[in-house]
Amino acid sequence: MIAGRPALALAAAAALGGCWTGDVKAPAEPPRKPDRLDAKPGRCSDGGDEAQLVALSCRDMRHSRMQRARSGALAVALDRGRLLAIGGDGDGAAATAEMFDPATGWSPVGMPAVFEGIDWAATRLVAHGRDAYFVTASTLREIRVARFDAERREWVAQSPPLDGRDNGTIPHVGAAMLADGSLLVASTDRAALYTNGIWRRLRDLPAAPKRFVRWIAPLAGGDALVDGVLRFDRRRAAWVDVSASASRRVQRGSYAPVALEDGRVALVGGCSDGGECWGNPEIDVFDRGGDAYTTTRALLEREHAVGAQGISLPGARMMMTSDFGGGRNIEHCRVPTDPTLASCRCGACSVPERSNFTVVAGEGECMLVLGGTTPHGPTDEVLRYCWSDSPLPAIRTP
């Protein structure tokens, strides 16, 4: 995601019209901090003049303000409704972390010792039950890992057997918790697997297809999809090239990967065209069964060109949003076994004006939006959007 685009976002808003009515406009003066936020719902068409809108509950979560304003923070959902947020832009945010507990609200926790000298652009945070794993590539291209224990509220170094290697590239790193509970960590050419407290060095990633390891998503059977072009075969501990069916957007890498509940991965948002782009309305769905992608028809209602993020819901569904223009409206998609039958609806809520926020899954069918940069700077707000399949009465959109 990219911070500092309020002027561009406002220009896009003026051109988009109808769906933009959900945005909360910035007041002339910075508002005082209320105990609760009342995000006003807007209206967004799911196609046609007569539009059935799907209801979203627009309200903030309990104890809905972090202790520090954070823009571009790393955040994950832990067990029992707990959250962990770390780093980001804001006064003192980069060197701090905090945890949310439904019983006590937000409170500070320590930082992992491995964060010294890291490149935040090459840092990932993944969760597994009560634990979170902080994975980063240092400026020496050394991969470092620390585990956060939410019960003890402390970090423990878990560094993998991947020493520094200067291969002439900027550091990149990806990490994911696999279906069997193993942690897969990979950089541009190296990888390791953490299972039952033991690290295992894997064979190096192949030089082709060309990619930077920016993300890893779990697949069915304990496998993983790496940057959209490689599949990690867990049983054989091998890398499989799956780029043959990848669309141009997958190869460009500007999208959000969402690991669906059934073990597939959906790639949403982003831009496949050079120059100015308003975002791709199609979704690319990868299925491990055939090692292939299926590209849906045009589904997304808004332009999610920048900062696309999404969460998985039960029943092969997902919610997503983005931080550019009309993309801040929240969309709900169903991705059945046959992706050509997939459908999306643009909900009756949009994220208030901000960029560089962080999205995580909340309890129930809820999406949490943490922090971000508003017209007044970084914010500490945490907003909650919960899905309901009950349609609102039909209306005529502008």
Fully extended, how many nm does the chain gain between F212 and R248 (0.36 nm per residue separation, minus their Cα-Cα distance)?
11.4 nm
Treat the count of other C-beta atoms within 10 Å as a stand-in for reagent exposure and order L78, L341 from fewest to most.
L341, L78
Near the amide H of G362, under 5 Å away, which other amide H atoms are found, from residues 5 or more places off or on another chain, if H is placed in the peptide plane?
M367, L368
Inter-label distance, nm, simple model (7 Å from Cα along the C-beta direction), V156/A121:
3.4 nm
With eigenvalues of the C-alpha gyration tensor scaled by 5 and rooted, region 112-241, Å:
21, 19, 12
A correct Kirkwood calculation over the Cα atoms of region 63-131 returns a hydrodynamic radius in Å of 12.4 Å
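For the pair A238 and L341, what calculated FRET efficiency results from E = 1/(1 + (r/R0)^6), where r is the Cβ-Cβ distance and R0 = 30 Å, to the nearest 0.05?
Numbers: r = 33 Å, r/R0 = 1.09.
E between L341 and A238, to the nearest 0.05, is 0.35.
All of the numbers you see were taken from the coordinates with simple rules; none came from a lab. These numbers come from a predicted model, not from an experiment. Cβ sites come from the backbone with ideal geometry, for glycine too, and all protein chains shown count toward neighbours.
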